[in-house]
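Everything below concerns the one structure shown next.
The values are calculated or read from the model by the stated rules, or taken from the named source; none is laboratory data. Note that this is a predicted model, so its numbers are computed, not measured. Ideal geometry is used to build each Cβ from the backbone, glycine not excepted, and the neighbour counts take in all protein chains shown. The area values use the complete protein model at the heavy-atom level, side chains included, leaving out ligands, DNA and RNA. Shrake-Rupley method; radii C 1.70, N 1.55, O 1.52, S 1.80 Å.
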Amino acid sequence: MKTELHPASQRGFANHGWLNAKHYFSFASYYNPRRMHFGALRVINDDTVAGGGGFATHPHDNMEIITIPTSGALAHKDSMGNGTTIESGDIQVMSAGTGIQHSEFNASQTQEVKLFQIWVIPNQRNVTPRYDQIKISSLKKENEIYQILSPNKEDQGVWIHQNAWFFMGDFSSDTTLSYTLQDPKNGVFVLNIEGEFEVENQKLSFRDALGIWETPSFEIKAQKNSKILLMEVPMEF
């Protein structure tokens with residue numbers, strides 16, 4: 001087993017006034033050659049968008065883009081004709097493929113919206129762009145992990161063009177569980193959304209993360225009132 005700690009205190013940071021962004025990997029003006037990606041996981045941005053703020057229309061291509069709001073709501077428009085609101089408890093995915101344009105704005109003029117935006121490098125290039133959005137709150141299982149993303153259209157949650165699986169866990173009491181990788185050649189980026197966790201004897205506080213690979217499984221100890229995101233991705237792509 002190999003592990004690498006990503007302390008929250010060592011993330012990249014940018015304050016644009018309307019946007020407070022914290023970067024787990026190199027992004028925009030933040031560059032750290034030791035923090036370029038974790039396998040096929042290229043971007044994790046922990047964003048807070050002020051009331052009325054947002055990202056004007058901009059392009060993407062050949063990337064799987066996942067958005068998970070943790071509070072508030074985000075108004076989305078894109079060149080595929082989608083115009084939706086993404087709320088806390090939702091997950092949105094876009095396969096950018098041959099190219100899309102989209103904008104995202106805080107749906108409120110007064111309240112902040114907090115979200116994770118995650119980019120996964122796809123295993124197919126130049127696919128037809130696609131959009132999906134579901135309620136993951138309906139999938140929630142108390143004190144267990146539950147799947148929210150996979151490579152398979154028929155599986156629970158959304159799907160992407162990559163051999164990747166995402167799970168979330170919401171814990172109201174102290175819980176110990178084991179995570180078994182869907183593909184033992186993959187790695188898992190474990191992100192503490194809130195509360196306290198111990199993963200293979202490594203303590204993770206608020207927004208700390210741990211990369212784990214070269215193991216078929218590992219143990220997670222969660223304290224009550226905690227929330228976790230597991231992102232399993234190929235280490236070679």
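One residue alone among Thr110, Thr3, Thr98 is out of contact with any strand residue (DSSP E or B) (no Cβ under 8 Å at 6 or more places or on another chain), at pLDDT 95 or above and farther than 20 Å from Trp159 by Cα, and that residue is Thr110. Residues that are modelled with pLDDT under 95, open to solvent by 40 Å² or more (accessible area, probe 1.4 Å) and under 28 Å from Ser173 (Cα atoms): does region 142-152 have at least one? Within region 142-152 (the criterion being modelled with pLDDT under 95, open to solvent by 40 Å² or more (accessible area, probe 1.4 Å) and under 28 Å from Ser173 (Cα atoms)), the answer is yes, since at least one residue qualifies. State whether the residues of region 131-141 include one that is more than 19 Å from Gln92 (Cα to Cα) and either open to solvent by less than 10 Å² (accessible area, probe 1.4 Å) or not hydroxyl-bearing (Ser, Thr, Tyr) (or both). There is at least one residue in region 131-141 that is more than 19 Å from Gln92 (Cα to Cα) and either open to solvent by less than 10 Å² (accessible area, probe 1.4 Å) or not hydroxyl-bearing (Ser, Thr, Tyr) (or both). Within the option set Ala40, Ala73, being farther than 22 Å from Arg11 by Cα and hydrophobic (A, V, I, L, M, F, W, C) holds for one residue only, Ala73. Only residues that are surrounded by 14 or more Cβ atoms within 10 Å (Cβ to Cβ) and in contact with a helix residue (DSSP H, G or I) (Cβ under 9 Å, 6 or more places away or on another chain) were counted across region 205-235, and they come to 3. Could you list all residues from region 1-38 that are assigned to a strand (DSSP E or B), of a type in the set (Ser, Thr, Tyr) and open to solvent by 60 Å² or more (accessible area, probe 1.4 Å)? The answer is Thr3, and nothing else. When every residue of region 201-216 is checked against the conditions, at least one turns out to be out of contact with any His (no Cβ under 7 Å at 6 or more places or on another chain), over 17 Å from His37 (Cα atoms), modelled with pLDDT under 95 and part of a loop (DSSP other than H, G, I, E, B). Among residues of region 82-94 being under 21 Å from Lys153 (Cβ atoms) and more than 14 Å from the chain's Cα centre (by Cα), the one that is surrounded by the most Cβ atoms within 10 Å (Cβ to Cβ) is Ile86. Summed over region 1-11, the residues that are over 24 Å from Thr215 (Cβ atoms) and over 16 Å from the mean Cα position of the chain (by Cα) give a count of 1. Each residue in region 179-194 was checked for being open to solvent by 20 Å² or more (accessible area, probe 1.4 Å) and not in a loop (DSSP other than H, G, I, E, B), and 2 pass.
Looking only at residues of region 31-88 that are among the basic types (Lys, Arg) and in contact with a Ser or Thr (Cβ under 8 Å, 6 or more places away or on another chain), we find that the one that is farthest from Glu194 (Cα to Cα) is Lys77.
Pick from region 95-116 the residues that are among the β-branched types (Val, Ile, Thr) and open to solvent by 70 Å² or more (accessible area, probe 1.4 Å): which of them is nearest to Ile44 (Cα to Cα)? For region 95-116, the residue satisfying everything is Thr98.
Here Glu236 meets the list (1) within 20 Å of the chain's Cα centre (by Cα); (2) part of a loop (DSSP other than H, G, I, E, B); (3) at pLDDT 95 or above almost entirely, failing just condition (3). In region 50-70, the residue that is surrounded by the most Cβ atoms within 10 Å (Cβ to Cβ) out of those that are without any contact (Cβ under 8 Å) to a residue 60 or more places away in the chain and in contact with an Asp or Glu (Cβ under 7 Å, 6 or more places away or on another chain) is Pro69.
Do we find a residue being under 15 Å from the mean Cα position of the chain (by Cα) and in a loop (DSSP other than H, G, I, E, B) anywhere in region 47-54? No. When residues in region 122-168 are screened for being within 17 Å of Leu230 (Cα to Cα) and among the basic types (Lys, Arg), 2 of them pass.
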